[in-house]
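As structure tokens, the structure follows; a few thoughts come after it.
The values are calculated or read from the model by the stated rules, or taken from the named source; none is laboratory data. Quick caveat, the model's predicted, so the values are computed rather than measured. Every residue, glycine among them, receives a Cβ derived from its backbone with ideal geometry; neighbour counts consider all protein chains shown. The protein model used for the area step is the full one, side chains on, heavy atoms only, and it has no ligands, DNA or RNA in it. Shrake-Rupley method; radii C 1.70, N 1.55, O 1.52, S 1.80 Å.
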Amino acid sequence: MRIAVTGARGFVGRTLMTALAARELAAVGLVRRDPDAGQRAVGDLTTRPDLAAALDGVDVVVHLAARVHVMHETEPDPLAAFRRANVEATEHLARAAVARGARRFVYVSSVKVNGEATQRAPFREQDPPRPEDPYGVSKWEAEQALARVAADTGLEVVVVRPPLVYGPGVGGNFVRMMRWLQRGVPLPLASVRNRRDLVGVHNLADALVACSVHPQAAGRTYLVADGEPVSTPALLRTLAACMHVCARLVPCPVALLQAAGRLAGKGGEVARLVGSLEIDAGALRRELGWRPVKSLREGLQLTADGFTGARR
């Protein structure tokens, strides 16, 4: 069996390639340009390149490459940009994979397909999709496009929806939180009482390996998480302890934080800090026998070590 991984140089892709090698599974990384050993160049997938050579001999494709959430959007039509990268390019890749004889396509989607927040119950795979932003919409549309490919060709499509992924080399808002902690910035989050599920990059990579090789995964959609929901204050305190610094958390009414976020045009960012997002990842455990390879604390320690080591 040979497994091809798009986005092999990315945050998740590097860890997945290591996990595949540890399991002695033949893997090839699909990269845009300048391939290293064990990699093949595919160009810009949004231009629908000829992928025949890149996919030669490939049995399973794990598709990680995507246009992800953009903090400072510059596209005049963000949804159109997300559709080109996440819907049209994904369908092109899947049909090219079928044409070269691949039997399975593992698509890394997002829990944003389910929605942005949970209220009384955790998200489950069978919940009606409720994406709210262009990124989430594009991921749901990509899932639908892959369902059409599967119906047309018999391709085994496996969809994996992770929440926020953390680990060594993480970027975005997670690394911003670590910078706040390292600088001793007072954070008005001590009054937050939420519950959020995360997934460590090592756990996600291990789940993707299972979805690539387990016979029962064919045609399934799985939510994946560490299984240790945590409040924002608890996350910050644990992360600070891993970094050997003090988390300076001060109380502030959540309603005031939300109002301030709306006024500053940061309503979405504040909502993610104070709101809940819980995931029921039981199906992945029951059907594939998957268990996280790292605890939340272990994953956060690795993340902190990567951050502090990089800044020395």
| the stretch 277-311, subset among the β-branched types (V, I, T) and under 18 Å from the mean Cα position of the chain (by Cα), residue most open to solvent (accessible area, probe 1.4 Å) | V293
| query | Given (1) assigned to a loop (DSSP other than H, G, I, E, B); (2) in contact with an Asp or Glu (Cβ under 7 Å, 6 or more places away or on another chain), where does Y222 come up short, assuming only one miss? | reply | (1)
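Determine whether R183 is of a type outside the set (D, E), free of Cβ contacts under 8 Å to residues at least 24 places away in the same chain and either crowded, with 21+ Cβ neighbours inside 10 Å or over 30 Å from A52 (Cα atoms) (or both).
yes
Based on what the data block shows, is L288 aliphatic (A, V, I, L, M) and in contact with a helix residue (DSSP H, G or I) (Cβ under 9 Å, 6 or more places away or on another chain)?
When the stated conditions are applied, L288 passes them.
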| request: Within the stretch 231-246, identify whether any single residue is of a type in the set (G, A, S), on the phi < 0 side of the Ramachandran plot and in contact (Cβ under 8 Å) with a residue 60 or more places away in the chain, and answer yes or no. | output: no
| query | Among the listed residues A240, A247, which satisfies the condition of being assigned to a helix (DSSP H, G or I) and more than 30 Å from R148 (Cα to Cα)? | reply | A240
| field | Lone unmet requirement of (1) within 19 Å of N86 (Cα to Cα); (2) touching a residue at least 24 places away in the same chain (Cβ under 8 Å) for L189 | value | (1)
| task | Would you mind stating whether R291 is of a type in the set (D, E, K, R) and part of a helix (DSSP H, G or I)? | result | no
| Looking at the stretch 1-19, which of its residues are aliphatic (A, V, I, L, M) and closer than 14 Å to V293 by Cβ? | L16, A19
| message | Quick check on A217: is it open to solvent by less than 20 Å² (accessible area, probe 1.4 Å) and more than 24 Å from Q119 (Cβ to Cβ)? | response | yes
| Only listed residue being open to solvent by 10 Å² or more (accessible area, probe 1.4 Å) and assigned to a helix (DSSP H, G or I), chosen from V175, V209 | V175
| task | Take the residues in the stretch 271-288 that are part of a helix (DSSP H, G or I) and touching a strand residue (DSSP E or B) at 6+ places or on another chain (Cβ under 7 Å), then tell me which one is farthest from R179 (Cα to Cα). | result | A283
| Within the stretch 17-32, is even one residue touching a Gly at 6+ places or on another chain (Cβ under 8 Å), modelled with pLDDT of 90 or more and either open to solvent by 50 Å² or more (accessible area, probe 1.4 Å) or in a loop (DSSP other than H, G, I, E, B) (or both)? | yes
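Looking for whichever is within 25 Å of G136 (Cα to Cα), surrounded by fewer than 16 Cβ atoms within 10 Å (Cβ to Cβ) and hydrophobic (A, V, I, L, M, F, W, C) here; the options are A255, A264, A271. Which one fits?
Details: A255 fails: within 25 Å of G136 (Cα to Cα); A271 fails: surrounded by fewer than 16 Cβ atoms within 10 Å (Cβ to Cβ).
The match here is A264.
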| task | Inspect all residues belonging to the stretch 150-163 and state whether any of them is under 14 Å from the mean Cα position of the chain (by Cα), assigned to a loop (DSSP other than H, G, I, E, B) and in contact (Cβ under 8 Å) with a residue 60 or more places away in the chain. | result | yes
| said: Of everything in the stretch 42-56, what is of a type in the set (D, E, K, R) and within 15 Å of V28 (Cβ to Cβ)? Give them in sequence order. | reply: D56
| Checking G115 against (1) of a type in the set (G, A, S); (2) modelled with pLDDT of 95 or more; (3) in a loop (DSSP other than H, G, I, E, B); (4) open to solvent by 10 Å² or more (accessible area, probe 1.4 Å), which single condition isn't satisfied? | (4)
| task | Take the stretch 42-57 and flag every residue that is within 23 Å of the chain's Cα centre (by Cα) and either surrounded by fewer than 17 Cβ atoms within 10 Å (Cβ to Cβ) or part of a loop (DSSP other than H, G, I, E, B) (or both). | result | V42, G43, D44, T46
